[in-house]
Amino acid sequence: MDASKLELPPNVIDYINEERSPMPPIADPDQPLRLDSLRLVRLVSWLEQELDIQVEDQEFTAENFATARTLGQLIVPKLQRPSEAPNRLSAAAHPSL
């Protein structure tokens, strides 16, 4: 299956496939990711650093990280949100705003 049909950015799929090694690459959006707890923590850290998204404590559930589809449902909306950081920076730089 084409990685673009997995509903995740290609760099996320690449990262997951590297973490899953030596298991075969993810080919189906409903295929279990099968990441152990350490790999899940590393994935969340990578997502937060590389994609500049925040995974909230209540979102850190087995269901959200079970498959590429469920992970996509968690992070894709976060990628589409406009960042609030520039607004906070603008307000700090210009107190009258």
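Within region 30-85, list the trypsin sites (Lys or Arg not before Pro) lying in a DSSP loop whose Cβ has at most 10 other Cβ atoms in a 10 Å radius.
On the way: sites: ARG34, ARG39, ARG42, ARG69, LYS78; in loops: ARG34.
Filter output for region 30-85: empty list.
Using R₀ = 22 Å, calculate the FRET efficiency as 1/(1 + (r/R₀)^6) where r is the Cβ-Cβ separation of GLN80 and TRP46; round to 0.05.
Details: r = 19 Å, r/R0 = 0.87.
Efficiency, from the Cβ-Cβ distance: 0.70.
Computed from the coordinates by the stated procedures, all read-outs in this text should not be read as laboratory data. Values in this document were obtained by computation on a predicted structure and should not be read as measured data. Backbone-built Cβ (ideal geometry, glycine too); neighbour counts: all protein chains shown.
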